[in-house]
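Undergrad: First the structure, then my questions, so here it is.
Derivation of every value follows stated rules applied to the coordinates shown; laboratory data play no part. Everything quoted here is computed from the prediction, not taken from an experiment. Cβ coordinates were reconstructed from backbone atoms using ideal geometry, including for glycine residues, and neighbour counts include every protein chain displayed.
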Amino acid sequence: MKFICPLVVVTDMDRSRNFYVNILKQKVKYDFGENLTFHGDFSIHLKTHFQDLIEHKAIRSGGNNFELYFEMDEIEELFERLKAYNVAFIHKIQEQPWRQKVMRFYDPDHHIIEVGESLEHLASRLHSEGMTHEQIAATTNMPLTFVLDSIKKHQ
């Protein structure tokens, strides 16, 4: 068996497509009308169609028990774009205990989206803030070789 992708159910395909394509800048890989798959391999599926597939069982959104996780180096730019669209934030940009910057917010159907800076960018950022390679590895729990490679890539 091979895992293919997570699939989240949406109530309005046009609204959700706009959110993921225009706000989160995701690229559509496959468009089957009631089901879209994005590069990065996650899908959105229209609730009315999906409900037929699961024999009309109840679908509840907003359970806060699942999230889609994305990474980008400069999350501040996305944060400003999300504010302009009045996105509902769970929390704005904050640093995790390992110093990675992340934010969490809801998509139009109340699915949790997390966006964090990439771990490679984190290592480079901490280095530019004056931390030694060893301090970065200890703080982030990343292997020293990963820290060194990440810093080298971002120079």
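Undergrad: For residues that are more than 26 Å from Q100 (Cβ to Cβ), among the charged types (D, E, K, R) and outside any strand (DSSP E or B), scanning just the stretch 31-65, find the one that is farthest from the chain's Cα centre (by Cα).
TA: E55
Undergrad: Kindly indicate whether L68 is of a type in the set (A, V, I, L, M), closer than 26 Å to M142 by Cβ and in a helix (DSSP H, G or I).
TA: Values: of a type in the set (A, V, I, L, M): yes; closer than 26 Å to M142 by Cβ: yes; in a helix (DSSP H, G or I): no.
It is false that L68 is of a type in the set (A, V, I, L, M), closer than 26 Å to M142 by Cβ and in a helix (DSSP H, G or I).
Undergrad: For residues in the stretch 93-113 being touching a helix residue (DSSP H, G or I) at 6+ places or on another chain (Cβ under 7 Å) and part of a strand (DSSP E or B), which is farthest from R125 (Cα to Cα)?
TA: Ranking the candidates gives F105 first.
Undergrad: Quick test for you: out of I75, I93, I23, pick the one residue that is within 30 Å of A138 (Cβ to Cβ) and touching a Phe, Trp or Tyr at 6+ places or on another chain (Cβ under 6 Å).
TA: I93
Undergrad: Can you pull out the residues in the stretch 75-90 that are touching a residue at least 24 places away in the same chain (Cβ under 8 Å), farther than 12 Å from F19 by Cβ and either exposed (fewer than 14 other Cβ atoms within 10 Å of the Cβ) or not β-branched (V, I, T) (or both)?
TA: L78, F79
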